[in-house]
Structure formats: C-alpha cells, structure tokens
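To keep things clear, I will list the structure first and then write my remarks on it.
The values are calculated or read from the model by the stated rules, or taken from the named source; none is laboratory data. Just so it is clear, the model here is predicted, and its values are computed rather than measured. Methodologically, a virtual Cβ is constructed for each residue, glycine included, from the backbone with ideal geometry; neighbour enumeration extends over all protein chains shown.
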Amino acid sequence: MEIAHIQTPIGIAELKGDENGLVSITVLDDKKPIGTIPEVLKDAVEQLQEYFNGNRTVFNIKLNPSGTDFQKRVWDALLEIPFGKTISYLELSKHLGDVKAIRAVASANGKNPLWIVVPCHRVIGTNGDLTGYAGGLHRKKWLLEHESPAKQTTLF
C-alpha cells in the first residue's frame, strides 16, 4: 500500500492506494510531511489538486475502497450526485429503494473512505442542515461552498 500526503485548503490529505486503485482519502488534523508522491497515486494527487484549484468537477480515478456490499451501493450512488448539487439522506435512501433504510444509508455515508472523490459531503439533512461529516462540519461547509452554488435538489 502506497501513501501520499498533500496540502489542501482543508488540511493535509492522506491518500492510500496501490495498482488496484485508490483505497482511501482522509483529511488529517495533524501535520504530516509532504514527501514524494508514489507513481500509483500521482494521477489521484493531480486530480485532487485540480479540484481544489477550481479546475475539476468530475474525478476519473480507479477506486478500490473496502466495505460491505451495501456500503459500496451507497458509495456508488454518491458518485451520481453532480458537482455543486446536494441531496438529503432521505432522497438517497429512496434512490436506493428503501426509505426505511435512512439510518443505514447515513451510516454507510459516514464510513465512506474516499472523501471528496466519493462526494459524501453533498448529502445533507432533509431541512437543509449540514448534518454529519467524518471530517468535521467545517470541512463539509468549505467543500459545499467551494462547489457552490450548492442548492438542494432532487436528483433521483
């Protein structure tokens, strides 16, 4: 498993992956040294930098997250949310075919290991509140403002 650290406007991003794809992206609260970028992560690093510079709205990176089949279904659905748009947990649950699964959907959303690329930050509360984000609500707010105008809309 290769690891890279890059500076972003929301903190140091730690990327992990190998030849099978990107396994995780997290933004750290701690400082890490910015070192050499492993070859297998160069494309992901470049695309993230383009995103943060305002020059990319869609990612084209090979992904290889670990999770249950249900979690992967939720994460795949997150990939369908367009840049600059938001949906509610309820809408996401409906899209996945079970409105009663809203808590399970929210839990899977919170366990997304590929922050930013798999845009879990685009899921908000039914009332428009910024609810829950593993990286902190201040980062979720920054990401949505970066992608603005982020207006709630029904996508599915």
remark   = The number of residues in the range 46-67 that are over 26 Å from residue 137 (Cβ atoms) and in contact (Cβ under 8 Å) with a residue 12 or more places away in the chain is 3
task = Go through 18, 29 for me and flag whichever is outside the structural domain of residue 107 (by TED's automatic domain parsing), touching an Asp or Glu at 6+ places or on another chain (Cβ under 9 Å) and charged (D, E, K, R).
result = 18
query = Only one of (1) farther than 25 Å from residue 145 by Cα; (2) surrounded by 12 or more Cβ atoms within 10 Å (Cβ to Cβ); (3) among the charged types (D, E, K, R); (4) touching a helix residue (DSSP H, G or I) at 6+ places or on another chain (Cβ under 7 Å) fails for residue 19. Which number is that?
reply = (2)
ask   = Going by the structure shown, is residue 108 modelled with pLDDT of 95 or more and either assigned to a strand (DSSP E or B) or not assigned by TED's automatic domain parsing to the domain that holds residue 141 (or both)?
value = no
query = What do you reckon, is residue 121 surrounded by 15 or more Cβ atoms within 10 Å (Cβ to Cβ), more than 19 Å from residue 15 (Cα to Cα) and not aromatic (Phe, Trp, Tyr)?
reply = no
